[in-house]
Ligand SMILES: Cc1ncc(COP(=O)(O)O)c(C=O)c1O
């Protein structure tokens, strides 16, 4: 337990809440959830399911209708799909099922908090550097250098939290080839695939031809503004899904039926909500990126997801100190880059899943803060 780091986002959030209890107004740019409400027709579907008495246990692998809808979306079969309480639990089940104690997992960093899940499953995180100057691509040669006889799994996240980077088709193809040559699993977390602002975000599944060696992760939290519903899924070879289902049975049993019915409505119902939210996020992204660069905070314009991940100005080596001071002095909550693996240090993550007004105030606050600390 000592080795598992606490989530840095949640740490900032609790500090921010403390300040709020003391009467301070805080601008929340730390949390990774849309400020939109879940679409009305999705909420109604859950309500109607409750009215029909859907209040009991459901099959641990998920409702057949939802598994089928997911399978259809990605061109797989129902038996390839496991419905889980959130994408995070899908990742957890996958790592538990794949890893033996001491197995190594390659995590391109800056990355989301996969390391905690790897450690929980008895594995060893091996961080791999990705660089802003290279668009945070995952260099296959650098992956190869990290391989040992214990390497079992490579994690890819495109669009990426926290960098907003999208992996190009050629990059994915080379990584897939390497993984197949070296008998590695790839876990591809594509939870932000519908929130893309420039070009396309190719899915690994569209390149691979089959599910062999692949665990595909997605969910409802981001696309349909359903973070609190806890609904996600994995798509994988059926033998692995059967093993992952054992972990689900041993831990959460199943996802509530009315939540799955809501998910089915989200997938099968009108999609105009997603488009509206994406357009709004694009406006905010453009506004924030322009504002940050006018303050001398350089970042790769995020092509997907809803985070900007600028480099800190010269003189600020320590992102944790930067974020704490920014919160205490300017009331702006953000997440230190150090929370995204060793190669996130020197950056800070701002979520733009908040109103333009909040972003405007944030930029003003940042300007004052940076002027007050000129020189670090
Ligand atoms: C990259 C990534 N994967 C997975 C998740 C987890 O999503 P869920 O709410 O479905 O568990 C998140 C949430 O922040 C995320 O950013």
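Listed values, structure above:
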item	result
Ranked by how many other beta carbons lie within 10 Å on average, peptides 48-57, 133-142 from highest	133-142, 48-57
Computed Kirkwood radius, in angstrom, where 1/r is averaged over Cα pairs of segment 220-376	18.3
Relative contact order %, the chain, counting alpha carbon pairs below 8 Å whose residues are six or more apart	25
Relative contact order of segment 56-268, defined on C-alpha pairs under 8 angstrom at six or more residues apart (%)	30
Alpha-carbon centroid distance for the pair segment 116-131 / segment 280-348, whole angstrom	23
Protection-proxy order for peptides 182-193, 120-131, each taking the mean of Cβ atoms within 10 Å per residue, highest first	182-193, 120-131
Antiparallel bridges, percent of DSSP beta bridges restricted to the chain (to nearest 5)	40
For segment 223-277, convex hull of alpha carbons as volume per residue, Å³	95
Pair-distance profile P(r), taking every C-alpha pair of segment 56-268, with 5 angstrom steps and integer %	1, 7, 16, 21, 21, 17, 10, 5, 1, 0, 0
Cα convex hull of segment 103-195, projected area averaged across orientations, nm²	5.6
Whole-Å distance, taken between Cα centres, linking segment 7-69 and segment 162-224	24
Dimensions (Å) - segment 50-163, Cα atoms, principal axes, largest first	54, 32, 24
Cα long-axis angle, helix 8-21 against the chain (0 to 90 degrees, to the nearest 10)	60
Segment residue 364-residue 314, extension gain: residue separation times 0.36 nm, minus the distance between their alpha carbons	16.0 nm
10 Å binning of all Cα-Cα separations within the chain, expressed as whole percents from 0 upward	5, 24, 32, 26, 11, 2, 0
Spacing of the two label points (7 Å from each Cα toward its C-beta) at residue 10 and residue 129, in nm	3.1
GNM top mover of 245, 161, 171 - the chain, alpha-carbon springs below 10 Å	171
Added length on full extension, which subtracts the Cα-Cα distance from 0.36 nm per residue, residue 239 to residue 173	21.3 nm
Inter-label distance, nm, simple model (7 Å from Cα along the C-beta direction), residue 2/residue 44	5.6
Gained length - residue 55 relative to residue 290, 0.36 nm times residue gap less alpha-carbon distance	79.8 nm
Mean Cβ count within 10 Å, highest first, over the residues of peptides 103-111, 11-19	103-111, 11-19
Sites residue 207 and residue 79 - FRET efficiency at Förster radius 25 Å, r taken between beta-carbons, to 0.05	0.65
Radius, Kirkwood style, for segment 157-239 when every pair of distinct Cα atoms is counted (Å)	13.5
Viscosity 0.890 mPa s, temperature 25 °C, Stokes-Einstein D of segment 29-101 from Kirkwood C-alpha radius, µm²/s	164
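Bear in mind these aren't lab numbers, they're just calculated from the coordinates by the rules spelled out. Owing to the predicted nature of the structure, the values given are computational and were not obtained by experimental measurement. We place every Cβ from the backbone using ideal geometry, glycine too, and count neighbours over all the protein chains shown.
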